[in-house]
Amino acid sequence: MSDPVEEIVPESSATGSLAQHDYSSSPSTDGDGLRRPTNDKSHLFGRQKPVHAALGGGKPADILLWRNKQISAGMLTAATVIWLLFEWIGYHLLTFICHSLILTLAILFFWSNISHFVNKTPMEFPEIVLQEKLWTQVALLLRDRFNWAFGVFWEVASGKDLKKFLYTIVGLWIVSIVGSWFDFLTLFYISFVMLLTVPWFYEKHEDQVDTYAQKAKKELKRQYSHLDEKVLQKLPKVPFVKDSKQQ
């Protein structure tokens, strides 16, 4: 009998396949050194793209993720100052707008007159022209959002999906409770601060947040299954939508 022939694999190919396996199993990174989401783990809201790309990319995503720290910090500081003026000092919106215009006009007026005496060039006021294309795009975007909101409202009110109806009622009830704790300006300020902090925090602690989110999602599904088994399935089904269509 002849000895079995062993297949000899070149060391370079074995090393290359091993390196390729290690590379595919390791999390990829984007240009800023932050990890991209891999397909072997579910992410929040079923996201498959990096956080920056999921937010739309570009300058708005840079601001929300504090890639441009000067603009992000400036927006947060300005929002905080405005909130303090209205809440603590008791400013009113119309008074704030008038005082801001008075201060701006006074500074520009005196600088334009003093510049002739101190041999300074007078300030050149930029010509501000609002582009028609930009406002058309904004109007079309608002129209699409309103149409989508009305479509969702009629879909929930149609009585076809009990689960979606209950989710909507519970969500509105929670928002009404939160709205009773704060006034509109404070609620808007809290939402703005969360918009500038939550995406940044999530990108920094993505793995931990995804893990807790999956646990919470499983617990909610388990609670809903109990509710569906003990309550929802025992409710009488009234096919009023089909009857109205037949009539």
Set the Förster distance to 22 Å, then compute FRET efficiency between Ala73 and Ser191 from the Cβ-Cβ distance, nearest 0.05.
0.75
Using a Förster distance of 25 angstrom, determine the FRET efficiency expected from the C-beta separation of Lys120 and Ser100, and round it to 0.05.
0.50
Mind checking Rg over Rh on region 108-192, alpha carbons, Kirkwood formula for Rh?
1.34
Region 99-228 - accessible surface per residue (Å², probe 1.4 Å)
86 Å²
Taking 49-57, 139-147, 72-80 and ranking on average Cβ neighbours within 10 Å, highest first, one gets 49-57, 72-80, 139-147
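Run through region 52-132 and list the chymotrypsin sites (Phe, Trp or Tyr not before Pro) located in a DSSP loop whose Cβ has at most 16 other Cβ atoms within 10 Å.
Trp88, Tyr91, Phe117
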With region 52-170 reduced to its Cα atoms and the Debye formula applied, log10 I(q)/I(0) at q = 0.19 1/Å amounts to -1.16
What nm distance separates the two modelled labels at Trp88 and Trp200, each placed 7 Å from Cα along Cα→Cβ?
2.0 nm
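The values are calculated or read from the model by the stated rules, or taken from the named source; none is laboratory data. Please read all numbers here as calculations on a predicted model, not as lab measurements. FYI the Cβ positions are ideal-geometry reconstructions off the backbone, even for glycines, and counts take in every protein chain you see. Ligands, DNA and RNA are excluded from the accessible area calculation, which covers all protein heavy atoms including side chains. Shrake-Rupley method; radii C 1.70, N 1.55, O 1.52, S 1.80 Å.
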